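The values are calculated or read from the model by the stated rules, or taken from the named source; none is laboratory data. What you are looking at is a predicted structure, and each value in this text was computed from that prediction instead of being measured. Cβ: placed from backbone, ideal geometry, glycine included. Neighbour counts: every protein chain shown. Areas reflect the complete protein model, heavy atoms only, side chains present, ligands, DNA and RNA absent. Shrake-Rupley method; radii C 1.70, N 1.55, O 1.52, S 1.80 Å.
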Amino acid sequence: MLQCIFLLSDSGEIMLEKQLTGHRVDRSICAWFWEQSVSQGDSFKPVIASPTHYLFQVVREGITFLACTQVEMPPLMGIEFLCRVADVLTDYLGELNEDLVKDNFVIVYELLDEMIDNGFPLTTEPNILREIIAPPNLVSKVLSVVTGNSSNVSDTIPGAIASHVPWRTTDPKYAKNEVNVDLVEEMDAILNRDGHLVKCEIYGEIQVNSHLSGLPDLTLSFTNPSILDDVRFHPCVRFRPWESHQILSFVPPDGQFKLMSYRVRKLKNTPVYVKPQFTSDAGTCRVSVLVGIRHDPGKPIDSIDVQFQLPSCILSADLTSNYGTVNILSNKMCSWTIGKMPKDKTPSMSGTLTLETGLQQLHIFPTFQVRFKIMGVVLSALQVDKLDVKNLPNHPYKGFRALTRAGKFEVRS
């Protein structure tokens, strides 16, 4: 049972406080929590035990969602609920930042009132919440100013609350039935200075956009489901068909939702390589960085960007490239924007770094952060076999797309 939820800014300021039970949690717990967070540095602990409370934290876009309890409870329940709160706020507000939360205090409080009751999670499905609480728009803000009524809560109870599929809007109707399935993957990789893979894995999501009338029943199957690890499903997925035959059987929510997430481990190749080389002598350091295709995915590699932090001992840098643009920011962050990988040349960046007085050689070498995007392919090799739709009078349109992008892709030098 959760007793209180706080929303903290990236400076530790309390943006929002929501007491959930009759036992009031003092705001001083936030000061204690922030001191602990600052002292731990980059170390992140989702669950922290204070002298008086257990604290759960989730960080999204610089905003810390903090929940407190004094009783024993499953820690994953607290973390999962905070993730749901962050997802719902992002869905309602379009994005998540400090200014949007402050501008929509009323809606945030109304959502928390519906999502949790006396410390226990209640309604967390976005489709039902949208029927209860209208999303913010310009018209509702003008009406609230004119009428003085700032409430966005509907007077009628959504029919889906009493349904056996509470995640779905009651009896939606569409002139054109369609369902689109997107496979979105992020590659996390670490390469050492010799170019050898230390770690390479995929985090993937299956995102579905469903506009189907009535109560459809969908079945999604794969040709190679055995490669998937750490699978996590939307509540609409029936677990038994997956457990026995690795088939996703579900009645979809109406609109956009994340059907499933997964990991694919121990991949042997990355689509791009980055080869940095540093040679220093007599107070200067020569830099050379090459970027090219290691394993051709069969589709263009786009939005390539290489970033690295110059060490503090660097006084100045003069870097140029034969393709793309190089920018050095005031915080000594170097960004090399390549864009689409060219076919006729290998992008390279070179130049010199001037070391601080008294330093002959560079002893601290940067780590390169790489970004890229590949449309139309998933690097895990996961393949959709078929998507069957039942309980519809006509055949709906079925669309499939794929996208791979870099997650935490690091090259050590």
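For this structure, a couple of remarks:
- Taken over segment 217-226, the residue count meeting the criterion of being more than 18 Å from PHE400 (Cβ to Cβ) and in contact with a strand residue (DSSP E or B) (Cβ under 6 Å, 6 or more places away or on another chain) is 1.
- Residues (under 16 Å from VAL289 (Cα atoms) and part of a loop (DSSP other than H, G, I, E, B)) located in segment 323-341: TYR323, GLY324, MET341
- Any hit, segment 273-282, residues being free of Cβ contacts under 8 Å to residues at least 12 places away in the same chain, within 30 Å of ARG412 (Cβ to Cβ) and part of a strand (DSSP E or B): yes
- Yes/no for THR320 being in the same structural domain as VAL306 (by the TED database), in contact with an Asp or Glu (Cβ under 6 Å, 6 or more places away or on another chain), part of a strand (DSSP E or B) and of a type in the set (Val, Ile, Thr): no
- ASP302 vs. criteria part of a loop (DSSP other than H, G, I, E, B), acidic (Asp, Glu) and on the phi < 0 side of the Ramachandran plot: no
- The test for being of a type in the set (A, V, I, L, M, F, W, C) and modelled with pLDDT under 90 holds for PHE278.
- Test: residue in segment 323-341 that is at pLDDT 90 or above and surrounded by fewer than 12 Cβ atoms within 10 Å (Cβ to Cβ): yes
- Search result, residues across segment 183-216 that are acidic (Asp, Glu), at pLDDT 95 or above and open to solvent by 50 Å² or more (accessible area, probe 1.4 Å): GLU186
- Residues of segment 402-413 satisfying the condition of being assigned to a strand (DSSP E or B) and over 20 Å from PRO300 (Cα atoms): LYS408, GLU410, VAL411, ARG412
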